[in-house]
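Contents: one structure, followed by commentary.
The values are calculated or read from the model by the stated rules, or taken from the named source; none is laboratory data. What you see is a predicted model, and the numbers here were worked out from it, not measured in a lab. A quick note on method: Cβ atoms are made from the backbone with ideal geometry, for glycine too, and the neighbour counts reach across all protein chains shown. These area figures cover heavy atoms from the full protein model, side chains too; ligands, DNA and RNA do not enter into them. Shrake-Rupley method; radii C 1.70, N 1.55, O 1.52, S 1.80 Å.
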Amino acid sequence: MGESSGQILSNSVWVIIQHVYSMLTSVVLVALIARHLGPSDYGMINYCASVIAIFSTLSGLGLDNVIICEIIKRPEKESGYLGTALVMRLVSTLVSYPLILAFIALINPGNSALLIVAALQAMGMVFQSYQVLVYRFRIKLQMKFVSLALIIAITVAAVLRIVLLVRKAPVVWFA
């Protein structure tokens, strides 16, 4: 096994570990949160998450594979490609945010709780824009750092959600 094969294997193992950890944490937390919030409030969170997922896909602009391929072809232009992709994702996210809120308000007029939950959840799209920076780690086969950071972030978020569960927080806090 050559050095690059070892790097690919190590990269893959870290990504798999992070995904398995994420899934296991999600399964436990989803069960606890769904039980705490009940069908109505938990349904509201999932409804908003579904609408946001549609807009997130659109705001991603399909850049992932294109940018990675271009950086591999022209590594000297890496920072330019990443910078342009980041700006494009941020702009598309900023355009998507009010569209999400308008869509929710149009489909569910007068439901202010739903609009608040959507507004809070949609803010997370801004952070997804920075996913562009992960491209560099993918290309350099350094996903260990990204995976470790995500595992830490998932753990912190899980602890915060558990605190919210213990405090019997309302649905807005889970958004």
- Would you say T57 is of a type in the set (S, T, Y), at pLDDT below 95, open to solvent by 50 Å² or more (accessible area, probe 1.4 Å) and over 23 Å from P170 (Cα atoms)? yes
- Out of the stretch 63-101, which residues are among the acidic types (D, E) and either touching a residue at least 60 places away in the same chain (Cβ under 8 Å) or open to solvent by less than 30 Å² (accessible area, probe 1.4 Å) (or both)? D64, E78
- Task: Give me the pairs, please: first residue somewhere in the stretch 114-142 and more than 21 Å from L99 (Cβ to Cβ) and part of a helix (DSSP H, G or I), second residue anywhere and of a type outside the set (D, E) and open to solvent by 50 Å² or more (accessible area, probe 1.4 Å), beta-carbon distance under 7 Å, and either six or more positions apart or on two chains.
- Result: F137/F145; I139/I72
- Item | Count of the stretch 24-41 residues which are surrounded by 15 or more Cβ atoms within 10 Å (Cβ to Cβ), of a type outside the set (A, V, I, L, M, F, W, C) and within 14 Å of K168 (Cα to Cα) | 2
- Message: Which of the numbered conditions does L61 fail, given that it passes all the others? Conditions: (1) in contact with a helix residue (DSSP H, G or I) (Cβ under 8 Å, 6 or more places away or on another chain); (2) assigned to a helix (DSSP H, G or I).
- Response: (2)
